[in-house]
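Undergrad: I have a structure here, written as structure tokens, and I will follow up with some questions on it.
The values are calculated or read from the model by the stated rules, or taken from the named source; none is laboratory data. Keep in mind the model is a prediction, meaning the values are calculated, not measured. Using ideal geometry, Cβ is built from the backbone for each residue, glycine included, and neighbour counts are taken over all protein chains shown. Protein only, heavy atoms only, side chains kept; ligands, DNA and RNA dropped before computing areas. Shrake-Rupley method; radii C 1.70, N 1.55, O 1.52, S 1.80 Å.
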Amino acid sequence: GGKVEYLDYIGIEAPSQTFIPEKLQEWALQGQHIARDIVRMLTGRDVPATGCYEFTYRCERDIGEQQQAEWYIRDVLIGLANGFTRVGPGILFDCANAYYNSLWGASGLLQRGPYGYPKRSYVAYAALTAVLDQVRFNRQIETGSGTIYAVEFRRADGRLATAFWCARGEADLELE
């Protein structure tokens, strides 16, 4: 019963956990495509998606600290490539109470209190922010592969930044 003209964004909160960022499922990050299609079908409007407060959750005890860092960065890259204006993976720090034992309470970028030491995901997120702060998606670059991604962004200073990643494993890439 809400007025569709007041709809600015579709907020995405995806409890992605152990689903790879590129997998199309309604409860994972790529579900934003499904949500946008539903809104388009119901309202006739193309409403952009964006991340909400917690965006994605990836508990390190399920996937390990290294994979948590890698997948959070891929979540951010996918969000930026889809024009998200708000991108914030996980929570800032693991909860220092019983909620830590849930799938969500240990998905932070920092370890739980009292010290809050940075995890690999915090360091990766800081490095990504240093390179891609306030970028605008420019284009997806064809790689000739269904599992190797390349996206190009325009930085605030006008220069281009390109991110490459593989959905699974590693690959040696040759650029021209």
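Undergrad: Ranked highest first by the average count of other Cβ atoms within 10 Å around their residues, in what order do 144-157, 105-118 fall? Don't skip to the answer; put the middle values down first.
TA: Details: 144-157: 13.6, 105-118: 16.9.
Result, highest mean first: 105-118, 144-157.
Undergrad: At TYR6 and ARG168, where each label point lies 7 Å from the Cα along Cα→Cβ, what is the point-to-point distance in nanometres?
TA: 4.6 nm
Undergrad: Let me ask you something else. Would you mind calculating the gained length between GLN134 and GLU26 on full extension (0.36 nm times residue separation, minus the Cα-Cα distance), in nm to one decimal? Present the calculation step by step, with values, prior to reporting the outcome.
TA: Values: separation 108, 0.36 × 108 = 38.88 nm, distance 2.75 nm.
Going from the current span to full extension adds 36.1 nm.
Undergrad: Give the ranking of GLU174, GLU5 by solvent-accessible surface, highest area first, calculated with a 1.4 Å probe.
TA: Numbers: GLU174 170, GLU5 115 Å².
These residues rank, largest area first, as GLU174, GLU5.
Undergrad: Determine the per residue accessible area of the stretch 9-143 with all protein chains present and a 1.4 angstrom probe, expressed in square angstrom. Could you put the intermediate results ahead of the total?
TA: Details: 7130 Å² over 135 residues.
Ligands and nucleic acids excluded, the figure is 53 Å² per residue.
Undergrad: If you place +1 on the Cβ of every Lys and Arg, -1 on the Cβ of every Asp and Glu, and leave all else neutral, what size is the dipole of the chain about its Cα centre, to the nearest 20 Debye?
TA: Values: 18 positive and 22 negative charges, 81 e Å.
Computed charge dipole of the chain: roughly 380 debye.
Undergrad: Still on this structure, I have one more. Restricting to DSSP H runs of at least four residues, report the calculated mean residue ellipticity at 222 nm for the chain, -39500 (n - 2.57) per run over all residues, nearest 500 deg cm²/dmol. Spell out each step's value before the answer.
TA: Working: 4 runs with 47 residues, N = 176.
Mean residue ellipticity at 222 nm (helix-derived): -8000 deg cm²/dmol.
Undergrad: Here's another thing I want to ask about it. Which of the following values of Kirkwood radius over Cα pairs in Å was calculated from the structure shown: [x] 17.2; [y] 18.4; [z] 22.9?
TA: Working out Kirkwood radius over Cα pairs in Å from the coordinates points to [x].
Undergrad: May I pose another question? Can you tell me, using C-alpha contacts under 8 Å and at least 6 residues apart, the relative contact order of the chain as a whole percent? It would help to have the intermediate numbers written out before the result.
TA: Numbers: 314 pairs, mean separation 27.8, N = 176.
Averaging sequence separation for qualifying contacts and normalising by length gives 16 percent for the chain.
Undergrad: Right, next: Which percent of the accessible area of the chain is formed by carbon and sulfur heavy atoms (probe 1.4 angstrom)?
TA: On the way: 5410 of 10380 Å².
Carbon and sulfur atoms account for 52 percent of the accessible area of the chain.
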